[in-house]
Amino acid sequence: MNGIAFTLRALHHGERHLAGQLIAVAERHRTEHEVHHVARDLAAWSRAHVASLAEAARAHGLDLDGSPGAPATGATGVLSTLREKTAEAVGRRPEPGLLLLRDLRELHLSAAENSLYWEMLAQAAQATKDDELLAVVSSCHPQTLRQMRWTNTLIKNLSPQVLTCP
Amino acid sequence: MDSSVDRIARPWGSRTPYDRHASWPARVDTHLEAGVAPEQVQRWVRAASILHSDGDAMDIAVVDGRTAGVRGRVDDRVNRGRLGPKDAFGWQANSSSGRLTRPLVREDGRLVECDWDTAMERVTSRSRELLTRRGPGSIGFYTSGQLYLEEYYTLAVLARAGIGTSHLDGNTRLCTATAGEALKESFGCDGQPGSYDDIDHADVIALFGHNIAETQPVQWMRILDRLEGGDPPRLVCVDPRPTRVARRAAVHLAPRVGTNVALLNALLHEIIRAGRVDHDYVRTHTVGFEELASRVEECTPEWAARICDVPAASIRAAADLLGAADRLLSTVLQGVYQSHQATAAAVQINNLHLVRGMLGRPGAGVLQMNGQPTAQNTRECGADGDLPGFRNWQNDDHVADLARVWNVEPSTIPHHTPPTHAMQMFRYAEQGSIRMLWISGTNPAVSLPELARVRSILQQERLFVVVQDLFLTETARLADVVLPAATWGEKTGTATNADRTVHLSEKAVEPPGEARPDLDVFLDYAARMDFRDKDGGPLITWHDPESAFEAWKRCSAGRPCDYTGLTYAKLRGASGVQWPCNEQAPDGTPRLYADGVAWAHPDVCESYGKDLVTGAADDVVEYRSLNPDGKAVIRAADYLPPHEAPDEDHPFQLTTGRTLYHFHTRTKTARAPQLNAAAPDVWVEASASDAAALGLHEGDLVEVGTRRGAVRGRLRVTDIRPGLLFLPFHYGYWDTEGGHGPGGGMPGRAANETTVTDWDPASKQPLFKTAAAALRLVERGDGRVAPAPTTTASAPSRADAAPATVGGPTALVTESSVPARDRRAQEAP
Ligand code: SF4
């Protein structure tokens, strides 16, 4: 497997993972209404990235799964119901704020990792004059950056209240 | 000539037709208490309406120290003497029984009367205790769109620099936050670009989710008068309900709710495809056109038709009208602002005007409307999620400038995060990090989404709730301290309407009992808390409305909402002046952006913009590279499906809204007998085909249920779009046994029992228009009819299904025509 194929595979994994994480965070923080809804909208972007990457990978002799993939561990079924209940039960307590900040940090790091992979692909696509791959990168990468800006904004806005108000 | 008109039966009165580019003929509407003749009126005191955002100028009739009626002010630019039905009858609420006359405090679970000292002492001692034990982040303020400028400004100073909290917002969050946000996104700054006078000159008027006939009835009279005159405008209406506007429209689009962005992208697609772009304007005054053109390239009318469920041919017809207009006026309200992708959609309407170069000339304008009378003041004074004077919280120079005005250190003013929006404040209260919430002039226990949740937050033991209002509202019943407030006619202050027109409203009569103006309450609190500036002097140096106004003028100086050219004396002369009003524009400014966009430069703009999908804030570096020269920003947006879609259990979409005869949570309008009788209780609207499919008829008692809750009401079968249900919002519980909620096994009556807690990520405005719902029969009507008016969008689809709404003898308003010499000079087109 050459470097491009390796990067495609890694990013494909990263986007699937992020899609799953976003859905899991949306479920875990049902009582944080904005997080809940926006995370689901943003998961759709990552799912679309997965499909585009699978398509692009074919040209590189790679067979990647284009389906959206399962949400991150435990986000469906019993566990998710459990999480919903927990979200409701702890909705009145401040600790979920800390939990939320932790989850947002993790989302941010995953998106940042994906973003770096997109950069690598963009450079490789330019070096090899691979216009198709470049087109995929230029349509997807901006959305990854927006995912990062979203987590960044939320962390910035929530931290003062969550960290200073007991 | 005078005539008397039943203004419940004929809410928009008689016609005074006029031609395009002429000025709107004046007519004076008067309504006096039974038995009071005009000659008996001892004083006429100037005021402006506070029951909607028109800013109708009126005079209050005073007889023996009490209010005895109103008349429209003939020389005012806004209404030219006319009154809407809410203006004509709403004043009676001031003297209705049940006004709060003494402060109340909670003792052993019950609210008991006390004196002001006791009540204020409770508020200040709790404030001090929280400040020491938990810090300024534990205190939040939630205010209104119905107080006066002087009051908001005082509140903003005491909250931001006195307490030092980020938690201050207005209920304008539910109402017009998207208008403000959309203006900031496109023009870098809040402030209405257009003017109501644009109605006189436009050849096409497009109303996007704006039922102007019911929310701003006086400006609808103006449109009706133009429709009857020479060279009438053609109307484009986007609304899922058969509103009066829809019935008069050349093109009516009734899209599936939650799909506005798809529809607007198709309209933009067509306009660009047909070559109707004003390229000169776009080049000189905007950035971002290329991006928009490429993003809407695939958004054909056929594509949108599938998403919105409207005919592609109608989308094309609408695009034709918009694209060929010579002077286009667009107006926007809750059908956009309270719906899915609110800011993204409102911004696309700005884009329509930018690509067509339709701004800054008579007739070419955008009205991103307000619902409430002083929503604009909340925004400009920073009593919502903004800093005063449209300053940018991300710009250190702006914060330093504000600190100079207030004589405090910049670090005193919290600006490390954006000011907290109302929905987040309630979330912090739910979690327990906000421990005191001071609510002035609004009623969240009826107006916020998902009422069961809101009630449970307000009822928490650990949350100290202060409510300042006229009546024992649903929210006041849940408070720990209730402060009786004076209102319109009982206090002095200025109000700025949706088209930037400033009016002075003066005190005409004494407030009842010990009720006090909101300004006095805030000043009293600031004095008791002993807030200081950085030199140890008092932070708040003013003591009455006029000195508060003068203080605000210093804060507004040099900012877009510059009031420095105004004084109380001047406002007592000319009626209705539009800001900015300063040395350069001593008579005010009819339209912003006559020569390009003035306030979008990175150094002066109020906001660097936000991501329309995620709400993430852009920073100055990004903004500078996008828009170094401070032009208008064309921001494209992709359509996203709504968050809640109908399914098997909840097969309908549900939308909610205001109707002509009521305002906000009916605190005042339900206490005006004529208005209350015209729409006394909640009802449910469904289409004729849906009703037939379910075997339901006019007057059947039905229940609308969503995942949050249920509301019961009688069914009105209308021409609403199939698949959609409508509930009038803001019927509450104060006049029921429950008091603050649907207690005692009583079914829900407030539409917000059903609505979802979800908001637009950019403007943070809650969504009241996109729930999925079920409809079921509770009990047959057996000849009864729904308590819905027949004069409005809720008119039955079969005309004989319900008796016509009439007001009778007590609803007569005198309409007097005015000789032409009083008419204003014509404005050149
Ligand atoms: S009824 Fe409520 S949402 Fe509508 S305009 Fe009035 S305050 Fe705003």
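The values are calculated or read from the model by the stated rules, or taken from the named source; none is laboratory data. Computed from a predicted structure; not experimentally measured. Cβ: placed from backbone, ideal geometry, glycine included. Neighbour counts: every protein chain shown. Only protein heavy atoms, including side chains, enter the accessible area calculation; ligands, DNA and RNA are left aside. Shrake-Rupley method; radii C 1.70, N 1.55, O 1.52, S 1.80 Å.
Volume of the convex hull of the protein assembly as shown (Cα atoms only), normalised per residue: 164 Å³. Using the Cβ atoms and a cut-off under 12 Å, what net charge is assigned to the surroundings of residue B:103, where Lys and Arg are +1 and Asp and Glu are -1? Net of charged neighbours comes to -4. Packing, as the average of other Cβ atoms within 10 Å across residues, places the peptides B:653-662, B:286-295, B:147-156 in the order B:147-156, B:653-662, B:286-295, highest first. Once the Cα-Cα distance is subtracted from the 0.36 nm per residue extended length, the residue B:110 to residue B:302 segment shows a gain of 63.0 nm. With a 10 Å cut-off around each Cβ of B:602-614, the average count of Cβ atoms from other chains is 2.
Based on the Cβ-Cβ distance of residue A:164 and residue A:112, what FRET efficiency does E = 1/(1 + (r/R0)^6) give at R0 = 22 Å, to the nearest 0.05? After rounding to 0.05, the efficiency reads 0.25. Per residue, the convex hull spanned by the Cα atoms of the stretch B:566-666 amounts to 231 cubic angstrom.
Considering only DSSP beta bridges with both partners in the protein assembly as shown, what is the antiparallel share in %, to the nearest 5?
Expressed as a percentage, antiparallel bridges in the protein assembly as shown total about 55.
Think of each Lys and Arg Cβ as +1 and each Asp and Glu Cβ as -1; about the Cα centre, that makes the dipole of the protein assembly as shown roughly 900 debye. Inter-chain Cβ neighbour count for A:139-149, averaged per residue, equals 2 (cutoff 10 Å, partner chain atoms only). If ligands, DNA and RNA are left out, what is the accessible area of residue B:423 with a 1.4 Å probe, given in Å² to the nearest 10? Ignoring ligands and nucleic acids, residue B:423 comes out at about 10 Å².
What is the mean number of Cβ atoms from other protein chains located within 10 Å of the Cβ atom of each residue in peptide A:29-40, rounded to a whole number?
Rounded to a whole number, the mean comes out at 5.
Estimated from the Cβ-Cβ distance and a Förster radius of 45 angstrom, the FRET efficiency linking residue A:122 and residue B:585 is about 0.35. Each residue of the stretch B:527-599 gets 120 Å³ once the volume of the Cα convex hull is shared out per residue. Distance from the Cα centroid of the stretch B:294-358 to that of the stretch B:598-652 is 17 Å (rounded to whole angstrom). Solvent exposure of the protein assembly as shown amounts to 33 Å² per residue of accessible area, where only protein heavy atoms count and the probe is 1.4 Å.
Based on C-alpha pairs under 8 angstrom that are at least 6 apart in sequence, chain B has a relative contact order of 21 percent. Among B:184/B:631; B:553/B:610; B:184/B:764; B:491/B:668; B:86/B:184; B:668/B:769, which pairs are too far apart, with a Cα-Cα distance over 21 Å? The answer is B:553/B:610; B:86/B:184; B:668/B:769.
Which one, B:229, B:783, B:156, is farthest towards the positive end of the dipole of chain B when Lys and Arg carry +1 and Asp and Glu -1 on their Cβ? The residue sitting farthest along the positive end of the dipole is B:783.
For chain B, a crude dipole built from +1 on the beta carbon of Lys and Arg and -1 on the beta carbon of Asp and Glu, taken about the Cα centre, is about 860 debye to the nearest 20. When only alpha carbons are used to place a centre, the stretch B:754-799 and the stretch A:123-142 end up 49 Å from one another. Relative contact order, whole percent, for the stretch B:97-224 stands at 13, derived from Cα pairs under 8 Å and 6 or more residues apart. Could you tell me which of rounded, prolate or oblate describes chain B, using a ≥ b ≥ c as the square roots of the eigenvalues of the alpha-carbon gyration tensor, with rounded for a/c under 1.5 and, failing that, prolate when a/b is larger than b/c and oblate otherwise? Taking the square roots of the gyration eigenvalues as a ≥ b ≥ c, chain B is rounded. Within the stretch B:18-60, which residues have the backbone N less than 11 Å from the label spot 7 Å out from residue B:544 along Cα→beta-carbon, could you tell me? Residues passing the 11 Å test: none.
Entry note, chain B: the mean residue ellipticity at 222 nm calculated from DSSP H runs of n ≥ 4, each adding -39500 (n - 2.57), is -7500 deg cm²/dmol after division by the residues and rounding to the nearest 500. Here the label points at residue B:693 and residue B:34, each 7 Å from Cα along the C-beta direction, are separated by 4.8 nm in the simple model. Summary of the geometry: the stretch B:488-546 and the stretch B:247-266, compared by the centres of their Cα atoms, lie 43 Å apart.
Using the Cα gyration tensor of the stretch B:241-377, with a ≥ b ≥ c the square roots of its eigenvalues, what is the shape: rounded (a/c below 1.5), prolate (a/b larger than b/c) or oblate (neither)?
rounded
Using C-alpha pairs under 8 Å with a sequence gap of at least 6, the mean separation divided by the residue count of the stretch B:734-780 gives a relative contact order of 20 percent.
Which shape class applies to the stretch B:124-172: rounded if a/c is under 1.5, otherwise prolate when a/b exceeds b/c and oblate if not, where a ≥ b ≥ c are the square roots of the Cα gyration tensor eigenvalues? Taking the square roots of the gyration eigenvalues as a ≥ b ≥ c, the stretch B:124-172 is prolate.
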